[in-house]
Structures are given as C-alpha cells and as structure tokens.
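For reference, the structure is listed below as structure tokens.
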Amino acid sequence: MLRVGQEAPSFTLTGAAAGTIDTHSLDEYTDRGWSVVLVFYPFDFHPACTDQWCSLRDADWLTLLEDVVVLGVGSDAAYAHREYANKHNIQFPILSDTDGAVSRAYDVLVDEFEGHSDVPGRATFVVGPNRTIQFAWSADGPEQQPDLDALREATT
C-alpha cells in the first residue's frame with residue numbers, strides 16, 4: 001500500500017455520479033487545487049463496504065468542504081455502481097476499476113477476497129492538491145472502519 005508522503009498515481013476511470021455515467025480523473029480535481037479522498041473497496045452491496053460508504057455519506061463535514069471530493073474505486077461496473085449509489089443515497093462518484101489497474105498502482109489489489117481474485121481491498125487515501133498522499137488507511141478486517149477524525153484532519 002502506498003504511504004503518506006508518496007506521490008499518488010494519476011488515473012482516469014468511468015463511473016457513476018448523481019445517476020449518470022461519466023469519466024473522472026484524479027488530475028481534474030488536483031489541478032483545481034482540491035484534495036481527493038479515494039475510497040477503495042471490493043464490491044457494491046457487500047455489508048462492510050456499505051457500512052463504510054454510509055459512514056462517509058453521513059459525515060456532513062465532507063459535503064461542506066468546497067475543495068474536497070470523495071471518489072470511490074471499486075471492481076464492479078459503472079451500472080452496478082449507479083444502482084448501489086441510488087439505493088444508498090451516495091452522491092460521491094464511484095468509479096469502475098474492473099481490470100484492477102488503479103488498485104494495483106495504489107498497491108491495494110488483493111489476490112483473493114471471499115472467493116474472488118484481483119479486487120481492491122478496503123483502503124482510504126487523502127491525496128493533496130500536489131498529488132502527495134496525506135492519509136493512508138487499510139482495513140485489517142471486515143468490521144474495521146477508517147478513523148473519520150484522522151480523515152477530517154487530513155482534508156483540512
């Protein structure tokens with residue numbers, strides 16, 4: 001897993017946001033001077049992933065920051081992400097890393113997860129406007145969630 005202080009790899013992925021399918025890139029946000037919260041997770045509709053997304057959705061401070069965007073990165077297709085976001089009222093873009101290239105670049109691709117190979121593990125990064133990683137966390141187990149206070153501190 002990439003660590004705090006390392007440069008975040010650039011990427012462009014297709015995903016779902018606000019009911020539409022579109023492309024998003026890390027650079028489109030960092031070039032504006034924004035910080036990016038990257039949330040890697042294996043599957044839509046997995047209970048641990050849903051808990052994580054709902055806690056981020058309910059963290060009001062994330063929606064109040066004008067220069068911070070949350071981007072999800074999962075292995076499912078954009079259409080599945082759209083249904084998942086609609087069901088759980090997730091307004092953040094959720095991007096499709098179906099070939100695992102971005103997860104591999106961030107060193108969070110796991111060999112096996114519940115019988116599936118080459119999917120992203122649960123991990124969260126904060127990438128600053130200079131594309132330097134300011135926060136890095138990965139789950140050791142399905143119940144573990146990122147420390148939202150530490151995440152908030154990294155985004156302000």
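In nm, what is the difference between 0.36 nm times the number of residues separating L148 and R3 and their Cα-Cα distance? Walk me through the numbers before you get to the answer.
On the way: separation 145, 0.36 × 145 = 52.20 nm, distance 1.78 nm.
Gain on stretching L148 to R3: 50.4 nm.
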(message) If packing is taken as the average count of other Cβ atoms within 10 Å, what order do 84-90, 68-74, 131-137 fall into, highest mean first?
(response) 68-74, 131-137, 84-90
(message) At 0.36 nm per residue, and after removing the present C-alpha to C-alpha distance, how many nm does the segment from D27 to D67 gain when stretched out fully?
(response) 13.0 nm
(message) Using Cβ contacts closer than 10 Å as the measure, can you line up E7, E83 from fewest to most?
(response) E7, E83
(request) Treat each spin label as a single point 7 Å out from the Cα along the C-beta direction, and report the T20 to N130 distance in nm. (result) 3.4
(request) Highest first, please rank the peptides 32-42, 95-105 by the mean number of other Cβ atoms sitting within 10 Å of their residues. (result) 32-42, 95-105
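None of the figures in this text is laboratory data; all of them are computed from the coordinates on show. These figures come from a predicted structure and were not determined experimentally. Using ideal geometry, Cβ is built from the backbone for each residue, glycine included, and neighbour counts are taken over all protein chains shown.
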